[in-house]
């Protein structure tokens, strides 16, 4: 059976014209997720953000790009991306921390072309894809091959080095420690304040932080700015320990908290931070929430 599956995969990979075929198929009928998750290909795709904005990204045959091809921004983290899109339109300085191939940064560039945007990604092979995607859209995003932390220097990243592409890596040694194939590698690290210094910006309006349980350490690297300027943050909270540590840094600052269910709109406002079953929380001032329709 395994040999048969390998043969079928090789046969599928050899099929020509998959992208134009699937583009035509997508145009004439809805393709359900159990079907399209198997209909992947490699090539450059265009993702529509709204009636006026879109971006290009290279599809390497992996999950996120496949969702974007078949479903657009309603396919991958659709509520998070809707919030992000609305917030980017009102922001002048935007940081995508844990950018991977850059979807969030590319959305920001598409809807806020005059904003100052930076994307941080520490994994070399993923960073190369991020840089290519930025180039496909004419630049305008500062790409930094670095992890965000509470200090400038270097740190050990726990990578799934066997994989062609990874969605989840961390500086946290406890993260995914049951995986026997994690590969520790040294990577440069910066604080958010270091990034802003490089961008020659005194503050930041909007930050996305997706660093697999290392979020509290990232916040400690610009906690004084958080207390002073109260930037909006779209942040991943994978467990209650991380949520509690983040809460200790932002509670009492007048923030509103929204637990994001990436299947529904609007996100649910809550009184406290906790593990999000769908990973992300929006932390923002109430007037910012009101300005985007929450």
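Only the coordinates and a few stated rules stand behind these numbers; no lab work does. It should be emphasised that the depicted structure is a prediction, and the values quoted were computed from it without experimental measurement. All Cβ positions, even for glycine, are placed from backbone atoms using ideal geometry, and neighbour counts span all protein chains on display.
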Hey, got the Cα dimensions of segment 223-287 along the principal axes, in Å, largest first? 33, 27, 16
Would you please state the base-10 log of I(q)/I(0) at q = 0.26 1/Å for segment 57-115, with intensities from the Debye formula using one equal scatterer on every alpha carbon? -1.15
What does the highest-first list of 221-234, 243-256 look like by mean Cβ count within 10 Å? 221-234, 243-256
What's the ranking of 109-115, 171-177, 30-36, 52-58 by average number of surrounding C-beta atoms within 10 Å, highest first? 109-115, 52-58, 171-177, 30-36
Treat each spin label as a single point 7 Å out from the Cα along the C-beta direction, and report the residue 198 to residue 291 distance in nm. 2.7 nm
Take the Cα atoms of the chain, find their three principal axes, and give me the spread along each one in whole Å, biggest first. 57, 44, 35
For segment 91-149 and segment 18-38, what is the centre-to-centre distance using only Cα atoms, to the nearest Å? 28 Å
Stretch gain in nm, segment residue 13-residue 241, where the contour uses 0.36 nm per residue and the Cα spacing is subtracted: 77.8 nm
Where a ≥ b ≥ c are root eigenvalues of the Cα gyration tensor, a/c under 1.5 meaning rounded, otherwise prolate if a/b exceeds b/c and oblate otherwise, segment 1-72 counts as prolate
Which angle from 0 to 90°, rounded to the nearest 10, does the C-alpha axis of helix 18-28 make with the longest principal axis of the chain? 80 degrees
Is the shape of segment 28-166 best called rounded, prolate or oblate, per the rule: a/c under 1.5 gives rounded, else a/b larger than b/c gives prolate, else oblate, with a ≥ b ≥ c the square roots of the Cα gyration tensor eigenvalues? oblate
